[in-house]
1. Enumerate the pairs (first residue in the range 24-35 and over 12 Å from Cys79 (Cα atoms); second residue anywhere and of a type in the set (A, V, I, L, M, F, W, C) and outside any loop (DSSP other than H, G, I, E, B)) with beta-carbon separation below 6 Å, excluding pairs fewer than 6 apart on the same chain, so at least 6 apart or on different chains.
2. Check the range 62-72 and report whether any residue there is more than 22 Å from Leu105 (Cβ to Cβ), in contact (Cβ under 8 Å) with a residue 12 or more places away in the chain and in contact with a Pro (Cβ under 9 Å, 6 or more places away or on another chain).
3. Being modelled with pLDDT of 95 or more and part of a helix (DSSP H, G or I) is the filter here; which residues of the range 105-146 pass it?
4. Within the range 57-72, identify whether any single residue is closer than 27 Å to Pro13 by Cα, at pLDDT 95 or above and in a strand (DSSP E or B), and answer yes or no.
5. So if I check each of Phe43, Phe7, which one is touching a Ser or Thr at 6+ places or on another chain (Cβ under 7 Å), in contact (Cβ under 8 Å) with a residue 40 or more places away in the chain and in a strand (DSSP E or B)?
Amino acid sequence: MEIERQFLVDKLPQLPTDYECLRQGYVALLPEIRIRQIGDSNFQLTVKRGAGLVREEWETEISRQEFDSLAKRLCPGTCMIEKRRYKIPLEDGLVAELHVHAGHLSGFNYVEVEFPDVETAQKFVSPSWFGGEVTEDARFSYGTLA
C-alpha cells in the first residue's frame with residue numbers, strides 16, 4: 001500500500017548536491033505498469049492500482065535486459081520520462097521527493113511525500129516552497145504525463 005500526497009513546485013528550493021537520475025515509462029495505464037531505471041544498474045517493474053491518496057503498489061527488481069525489452073513496448077502514445085530525484089528531509093522524519101524533469105517535461109517540477117498512515121497524511125502541512133496539491137488530479141499522474 002502506498003499513501004502519498006503530490007504537489008506542484010513553482011519555485012525550486014535550495015537543492016541538495018545528491019540526487020538520483022531516473023528514467024521511467026509505462027507499459028500499461030490500467031492497471032498502471034511502470035518500468036524504472038535508477039542510475040546505471042537499478043531496474044524496477046511496478047504495478048499500481050487505484051488513484052489519489054491511497055493506492056495498491058507492488059514492485060520488483062528486473063534485469064537491464066528486461067527493462068530494455070519493455071522500454072521498446074511502452075503504452076502507445078506515451079514516452080519515457082527523464083528526471084532527477086532529490087530527497088529533502090522534512091519535519092517528523094518525513095521526506096520530500098522532488099522531481100526535476102528533463103526531456104518533454106523540462107520545466108515541470110513536482111514533489112511527493114509518502115506517509116506511514118492516512119491520519120499522518122491528512123494532518124500534513126506542506127512547506128512554503130510546495131505549490132498547489134494535485135494528489136486527486138488525474139491530469140498530473142505520471143501515466144498521463146508520459
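1. Short answer, once both residue conditions are applied: Pro31/Val47; Ile33/Val27; Ile33/Val47.
2. No, because not a single residue in the range 62-72 is more than 22 Å from Leu105 (Cβ to Cβ), in contact (Cβ under 8 Å) with a residue 12 or more places away in the chain and in contact with a Pro (Cβ under 9 Å, 6 or more places away or on another chain).
3. Across the range 105-146, the qualifying residues are Leu105, Val118, Glu119, Thr120, Ala121, Gln122, Lys123.
4. no
5. Going through Phe43, Phe7 in turn, just one is touching a Ser or Thr at 6+ places or on another chain (Cβ under 7 Å), in contact (Cβ under 8 Å) with a residue 40 or more places away in the chain and in a strand (DSSP E or B): Phe7.
The values are calculated or read from the model by the stated rules, or taken from the named source; none is laboratory data. Keep in mind that what you see is a predicted model, and the values were worked out from it rather than measured. Cβ: placed from backbone, ideal geometry, glycine included. Neighbour counts: every protein chain shown.
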